[in-house]
Every structure is written in structure tokens, then in C-alpha cells.
Amino acid sequence: MPKRPYVIDELISAKTIAARIEELSRDITAEFHGTDKLVVVGLLRGSFVFIADLVRELDLPIEVDFIEASSYGDSTESSREVRILKDLRSAIEGMDVLVVEDIVDTGFTLSHVIKLLKSRKPARLRTIALLDKPSRREAPVQADWIGFEIPDEFVVGYGIDFAQRNRNLPFIGKVRFTP
């Protein structure tokens, strides 16, 4: 449980998120047109809402798998040490793979996961992030598709948590700590 009281101000509405996912899904469907199967890999836990909405919009044969990586714990700051807590169930060698991330902040988690998955020799590996905070980037990584670029704010909602809370909000909200 967070030790400091806070409020959440809406930053991106549920309606705006849904419209952007429709746009992104058209681009991804075009990119992977003709694939035998697209393996959509969600980075747990923050991407689960995004991946659920995204895969329903893709007009492709897909398989969904998950990898859980952590560099935050219950903190608002990255530890810069990425730990793999849950790995893929399936082999991805020779497969088309789309990695779905909730937010690219320092970039350490996505960079680590890309390196790990590339070592498994997929045919194509692309990335999508719902949110991007380029002002915080420390690792040289850029997702192929970005839902929204956001300022350096701590955000929650739409699957993204603060100490395991607020994932169920239908929008992206900015956390504002109160006295």
C-alpha cells in the first residue's frame, strides 16, 4: 500500500485510448499481413489491459503469451536491474513476434526483453508501447509503435499500477501526491 496520500487526475481518457488502439491495430495488421501466426507477447503485469484490447482489434492469426519482467517493485523509480519473473511458454524461433509494453520509461525493461527475445531467433520482432516517456530514457531503445507520448509524470490506470493499485481505472491518470 502506498505510504503517501495521492489523487489521480485523468491524463488520457478511455475513449481516446480506444480510438488510438484501433489506429495502431490497422498499422500492425498491415505490417504482419500474410503471417502464419503472430505471437503477441505481453509484458506483465502492466500491459494486460492493453494487450486484451489490442488483440481483439488485430485481423491476424495470433497466439498470446506473456513474459513478466520487473525493475520497479513497489517504487515509483526504476531500479535499473531487470529481473525475469515469468518466461514465455512457447518457443519463438522463426516466428513473427510483437512485444506489447505498457510504458517505456528509462527503457531498461524493454531493452532487456528485446535482447532476450532476439537471442531466440524470431523471424521478425516488433514492439509496441501504450505510453512513451522519452525524457526519461536511459537505455537506447524505441518502440516501433507508440500509443501516446507523455510528459515525465507518474501514471496509473488501464493496467498500470502504483504498488499494485489503480490497474482497474479505465483511463490513464497522473498521480499527484497530497500533503
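Please verify whether L60 is in contact with a strand residue (DSSP E or B) (Cβ under 9 Å, 6 or more places away or on another chain), closer than 16 Å to D144 by Cα and buried (at least 18 other Cβ atoms within 10 Å of the Cβ), treating the condition exactly as stated. Against the criterion (in contact with a strand residue (DSSP E or B) (Cβ under 9 Å, 6 or more places away or on another chain), closer than 16 Å to D144 by Cα and buried (at least 18 other Cβ atoms within 10 Å of the Cβ)), L60 does not qualify. S119 falls short on exactly one of the conditions (1) within 18 Å of V41 (Cβ to Cβ); (2) of a type in the set (S, T, N, Q); (3) touching a strand residue (DSSP E or B) at 6+ places or on another chain (Cβ under 9 Å), and that condition is (3). Taken over the range 101-135, residues that are surrounded by 19 or more Cβ atoms within 10 Å (Cβ to Cβ), aliphatic (A, V, I, L, M) and not in a helix (DSSP H, G or I) amount to 7. The residue pairs whose first member lies in the range 147-174 and is acidic (D, E), whose second member is crowded, with 21+ Cβ neighbours inside 10 Å, and whose beta carbons are closer than 7 Å, counting only pairs six or more residues apart or on different chains, are E149/D132; D161/G46.
When we screen L38, L11 for residues that are over 15 Å from the mean Cα position of the chain (by Cα), at pLDDT 95 or above and under 23 Å from T106 (Cβ atoms), the only hit is L11. If you take the residues of the range 13-57 that are among the β-branched types (V, I, T) and surrounded by fewer than 16 Cβ atoms within 10 Å (Cβ to Cβ), which of them is nearest to G157 (Cα to Cα)? Step by step, filter the range 13-57, then rank; the result is T16.
Listed by first and then second residue, the pairs with beta-carbon distance under 6 Å, at least 6 apart or on different chains, first residue in the range 9-33 and closer than 18 Å to P61 by Cβ, second surrounded by 13 or more Cβ atoms within 10 Å (Cβ to Cβ) and not acidic (D, E), are S25/L58; T29/L58; T29/L60; F32/L38; F32/L60. The set of residues in the range 97-112 that are of a type in the set (V, I, T), more than 11 Å from the chain's Cα centre (by Cα) and modelled with pLDDT under 95 contains only T106. Residue count for the range 41-92 under the criterion of being modelled with pLDDT under 95, among the β-branched types (V, I, T) and not in a loop (DSSP other than H, G, I, E, B): the result is 1. Residue check: R176 meets all listed conditions (1) surrounded by fewer than 17 Cβ atoms within 10 Å (Cβ to Cβ); (2) assigned to a strand (DSSP E or B); (3) touching a Ser or Thr at 6+ places or on another chain (Cβ under 8 Å) but one, namely (3). Kindly indicate whether any position in the range 144-166 is assigned to a strand (DSSP E or B), farther than 19 Å from S25 by Cα and of a type in the set (K, R). Taking every residue of the range 144-166 in turn, at least one turns out to be assigned to a strand (DSSP E or B), farther than 19 Å from S25 by Cα and of a type in the set (K, R). Kindly indicate whether any position in the range 90-99 is more than 24 Å from T16 (Cβ to Cβ), surrounded by fewer than 17 Cβ atoms within 10 Å (Cβ to Cβ), in contact with a strand residue (DSSP E or B) (Cβ under 9 Å, 6 or more places away or on another chain) and in contact (Cβ under 8 Å) with a residue 12 or more places away in the chain. Checking the range 90-99: at least one residue is more than 24 Å from T16 (Cβ to Cβ), surrounded by fewer than 17 Cβ atoms within 10 Å (Cβ to Cβ), in contact with a strand residue (DSSP E or B) (Cβ under 9 Å, 6 or more places away or on another chain) and in contact (Cβ under 8 Å) with a residue 12 or more places away in the chain.
Of the residues making up the range 157-173, those that are closer than 15 Å to R4 by Cβ and either surrounded by fewer than 19 Cβ atoms within 10 Å (Cβ to Cβ) or of a type in the set (G, A, S) (or both) are A163, R165.
The values are calculated or read from the model by the stated rules, or taken from the named source; none is laboratory data. Source: prediction; values computed, not measured. Quick reminder, even Gly has a Cβ in these numbers, built from the backbone with ideal geometry, and neighbours come from all protein chains shown.
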